[in-house]
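The values are calculated or read from the model by the stated rules, or taken from the named source; none is laboratory data. Computed from a predicted model, the values in this text were never measured in an experiment. Here Cβ is always computed from backbone atoms with ideal geometry, including for glycine, and neighbour counts include all displayed protein chains. Please note that ligands, DNA and RNA were not included when accessible areas were found on the heavy atoms of the full protein model with its side chains. Shrake-Rupley method; radii C 1.70, N 1.55, O 1.52, S 1.80 Å.
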Amino acid sequence: VGGTHKVEAARALGADVVIDKSSEDLWKAAEAASPKGYEVVLDANGPSTLRDSYRHLASPGKLVIYGFHSMLPRTGGRPNYAKLAWDWMRTPRFDPLTLTNDNTSVLAFNLSYLFEQRFVLEDSMAKLLAWVEEGKLVSPQVTKFPLDSVAEAHKALESGTTVGKLVLVP
């Protein structure tokens, strides 16, 4: 988690180990929690963590990339194009021969591109909601914002202080 105020929420949702990046070294704590590495690493940060995320895979581990948060400005406004260029240059390129030799894989996706395949999203959402109803999955805390307060909701999201999910409601 990115702040101490999020630790209890993660534990309440069933996390066995919670690493608070604001007060401890992420990778030292990750190594202590799983010295042999991880079967799956989910990375939404981008260039700031991708190399280390890959290094902490066990064999046959999977790195799942679903965002590039560290490339975006923290407080809105125009992006810093020099920083974007630097981040693009330091983003790792994964070599198929190395992946084969390491017995690992890298998967990346962007849910925005699935809007054209609505059936995939509908099926997945139906399964998730069924798991919530069955008690197999606990939903995170939800903070609601009126639709006309979208700017306020976005500022809250960018602040890093929110816990759980933000939802815009009509």
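Values as computed for the structure displayed
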{"quantity": "The range 131-151 - residue that is β-branched (Val, Ile, Thr) and open to solvent by less than 70 Å² (accessible area, probe 1.4 Å) and, of those, farthest from the chain's Cα centre (by Cα)", "calculated": "Val132"}
{"quantity": "Positions within the range 59-76 being open to solvent by less than 70 Å² (accessible area, probe 1.4 Å), out of contact with any strand residue (DSSP E or B) (no Cβ under 6 Å at 6 or more places or on another chain) and of a type outside the set (S, T, N, Q), in sequence order", "calculated": "Gly67, Met71, Pro73, Gly76"}
{"quantity": "Helices (runs of 4 or more DSSP H) completely within the range 57-152 that count 1 or more residues being more than 20 Å from Leu166 (Cβ to Cβ) and modelled with pLDDT under 95", "calculated": "81-90, 118-134"}
{"quantity": "Scope the range 86-100; condition farther than 16 Å from Ser53 by Cβ and either exposed (fewer than 10 other Cβ atoms within 10 Å of the Cβ) or within 22 Å of the chain's Cα centre (by Cα) (or both); matching residues", "calculated": "Trp86, Trp88, Met89, Pro96, Leu97"}
{"quantity": "Residue list for the range 1-56, filter: assigned to a helix (DSSP H, G or I) and closer than 17 Å to Thr91 by Cβ", "calculated": "Leu50, Arg51, Asp52, Ser53, Tyr54, Arg55"}
{"quantity": "Positions within the range 33-45 being more than 16 Å from Val7 (Cβ to Cβ), surrounded by fewer than 15 Cβ atoms within 10 Å (Cβ to Cβ) and over 15 Å from the mean Cα position of the chain (by Cα), in sequence order", "calculated": "Ser34, Pro35, Lys36, Glu39"}
